[in-house]
Amino acid sequence: MNNYFQFKQFTIYQDQTAMKVGTDGVLLGAWADLSKANTILDIGTGTGLIALMAAQRNPGAAIDAVEINPAAYRQATENIAQSPWPERIKVYPDSIFCYHPDKRYDHIVCNPPFFIQSTPAPDTARNMARHCENFTHNALIEAVLRLLSPTGKFSVILPADEAFSFIGKTRETDLCLKRQTQIYPNPGKKIKRLLMEFVEYPCIPETTTLTLEISRHNYTEEYIRLTREFYLHM
C-alpha cells in the first residue's frame, strides 16, 4: 500500500492512518450534492479525503471535520495544510458526540468507520476505525439531527445490509431518505454499497444505480464521469 495517494488537485498522505484511501470515500465525496452548501461537516474525516473533495467541489463553502483518532487527526491536518484550501478547512480532534459547535451545517457527510456485523479486524487501530463498538447507527443519527440545519442534507455510504438497517432506523426519526444510489461492483454482482442522502422534511426517495467496473480495472463510463475530476488516471 502506498504511503500517499495523488489526486488531480491534492495529495493524501496516509502513512499514519489505519484506514487508507478507498473507493467508498471517493464515491461519497464525488456523489454528495454540495452545490448549495455554505457550511459542510465531515464526520470521521480520517485522512481528510472527503473534506478536501468538498473544498474542491464547492469553492465557497467553509468546511469543518472531526476526527477522534490522534494519528488520523494529525495526518488530516497535514494533508489539509499542504492542499490548495488550508484556510477553508478546520479539523477538530473530537468525537462527534463531544462536538458542540455554535452553528448547524448545510451538509453533513460521513463515511462511517465501522461495519457492525463484520468480523473484527486484527489490528487495534484499524478495528477502532472500522467497528461500531461505541459508535452506533442510532448515535450517528442523533448527532446528525443535532448538527444539521433544518433545510440541510446528510450524505452517507454504507455496506448494503447496514444501509437497509440504517434506513429503517431513520424512519423512527425526522430524517427522510431523499436520494439513494445502489452501488454494484460489476454486472451480475449483488449491491455492495448504498449512497444515501437524507433531509429533515417529507420527500419521496429517488433511486438510481451505479456499476463500478465492466471487468477488472475496466471502469464503466458512469463511474469515470462521476470521479474524473479527482482521479489522475481515470
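A short reminder: the numbers here are calculations on the coordinates, not readings from a lab. In this text, all values refer to a predicted model and were calculated from it rather than measured experimentally. For neighbour counting, all protein chains shown are included, and Cβ atoms are generated from backbone atoms with ideal geometry for every residue, glycine included.
Please enumerate, by chain and number, the aspartates and glutamates with C-alpha under 13 Å from the C-alpha of LYS103, excluding those fewer than 8 residues away in the same chain.
ASP64
I need the phi-derived Karplus couplings for the range 220-230: 6.51 cos²θ - 1.76 cosθ + 1.60, θ = phi - 60°, integer Hz, Gly and Pro marked x.
Using θ = phi - 60°, the values come out as 6, 4, 5, 6, 4, 4, 5, 10, 5, 6, 10 Hz.
In nm², what is the average projected area of the convex hull enclosing the Cα atoms of the chain?
12.2
Round to the nearest 0.05 the FRET efficiency obtained for HIS217 and THR11 when R0 = 25 Å and r is the Cβ-Cβ distance.
0.65
Under the classification rounded if a/c is under 1.5, otherwise prolate if a/b is larger than b/c and oblate if not, where does the range 53-103 fall, given a ≥ b ≥ c as square roots of the Cα gyration tensor eigenvalues?
Cα axes put the range 53-103 in the oblate bin.
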